[in-house]
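Visitor: Once you've had a glance at the structure underneath, I'll fire off some questions.
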Amino acid sequence: MKIGLISDTHDNLEACQKACEAFFDEDVKIVLHAGDFVAPFIVPVFAKARLKLIAVYGNNDGEKIYLKERFEEAGFELHSGPYELKIGERSICMMHEPRCLESLIKAGTYDLILYGHTHKVDIYEEGTLVINPGEACGYLTGKPTCAVVELDDMSGRIVEL
């Protein structure tokens, strides 16, 4: 099973649409968003693409109650991070800011750790697959990106939008 990873969309609806198209092409069914959507404008984009969206708040997500309401109305999930979940047999931790990243890696509890905030692509394995999909918005780097992970073999790769 493939999942999509995205972060730091910062209201860039065109980038969200391109990410949804990439996820559709990859046969992704679940997307994990590591925060900084800023406003709920992305919700209809993911709803129209029929992708299940599970997200954590980022530091730029101000209207938390309103955002949560819009997510829940669409059947999506929005949590404070770090947030733990299981997809199939895989244990995943997602967060926006990587404050406790090293501790989580050392704990060895997770198959995948997703984070955002830095707007920089980062992908490596240290007993745990660790991915920052970069910035989907492309505002700082000029290179909008997301990621796709194959849960069967825990392989991940960055996708340029």
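Visitor: Go ahead and run the numbers for FRET between F41 and K2, Cβ-Cβ distance against an R0 of 41 Å, rounding to 0.05.
Guide: Efficiency, from the Cβ-Cβ distance: 0.95.
Visitor: To continue, here is another question. Using Cα atoms only, what is the angle between the long axis of helix 13-25 and the major principal axis of the chain, expressed in degrees (0 to 90) to the nearest 10?
Guide: 50
Visitor: Right, another one. Ranked highest first by average number of other Cβ atoms within 10 Å, how do 111-124, 59-72, 38-51, 1-14 line up?
Guide: Order by mean packing, descending: 1-14, 111-124, 38-51, 59-72.
Visitor: In nm, what is the difference between 0.36 nm times the number of residues separating E160 and L140 and their Cα-Cα distance?
Guide: Contour length minus Cα-Cα distance gives 5.7 nm.
Visitor: Next question. For labels at D27 and K120 in the simple 7 Å Cα→Cβ model, what's the distance in nm?
Guide: 3.6
Visitor: Right, here's the next one. Which is farthest toward the positive dipole end of the chain among C20, V130, N60, measuring Cα position about the Cα centre, with Cβ charges +1 (Lys, Arg) and -1 (Asp, Glu)?
Guide: About the Cα centre, the residue reaching furthest to the positive side is N60.
Visitor: Let me ask something else. Just how large is the dipole of the chain about the Cα centre, in debye to the nearest 20, putting +1 at every Lys and Arg Cβ and -1 at every Asp and Glu Cβ?
Guide: With only Lys, Arg, Asp and Glu charged at Cβ, the dipole is about 180 debye.
Visitor: With r defined as the distance between the Cβ atoms of A74 and E150 and R0 fixed at 25 Å, what FRET efficiency is calculated, to the nearest 0.05?
Guide: Rounded to the nearest 0.05, the efficiency is 0.45.
Visitor: What distance in nm separates the simple spin-label points at D11 and N60, each placed 7 Å from Cα in the Cβ direction?
Guide: About 0.9 nm separates the two model spin labels.
Visitor: Taking the chain as the reference, fit the longest principal axis to its C-alpha atoms, fit the long axis of helix 64-73 to the helix C-alpha atoms, and give the angle between the two in degrees, 0 to 90, nearest 10.
Guide: Between helix and principal axis, roughly 90 degrees.
Visitor: Further question on the same structure: How big is segment 57-117 by the Kirkwood estimate over distinct Cα pairs, in Å? Let's see the in-between values first.
Guide: Numbers: mean 1/r = 0.0789 Å⁻¹.
Over segment 57-117, the inverse of the mean reciprocal pair distance is 12.7 Å.
Visitor: Could you work out the per residue convex hull volume over the alpha carbons of the chain, in cubic angstrom?
Guide: 94
Visitor: Here is a follow-up. Which lysines, on any chain, are close to K48 with Cα under 23 Å apart, when same-chain ones fewer than 8 places away are left out?
Guide: K2, K18, K29, K64, K68
Visitor: Moving to a separate point now. I need the fraction of alpha carbon pairs in segment 15-66 separated by more than 19 Å, rounded to a whole percent.
Guide: More than 19 Å apart: 24 percent of the Cα pairs in segment 15-66.
Visitor: Related question: When the helices in the chain are scored as -39500 (n - 2.57) per DSSP H run of 4 or longer and the sum is shared across all residues, what 222 nm value do you end up with, to the nearest 500 deg cm²/dmol?
Guide: -6500 deg cm²/dmol
Each reported figure results from applying straightforward, stated rules to the coordinates on display, with no laboratory input. These figures come from a predicted structure and were not determined experimentally. Using ideal geometry, Cβ is built from the backbone for each residue, glycine included, and neighbour counts are taken over all protein chains shown.
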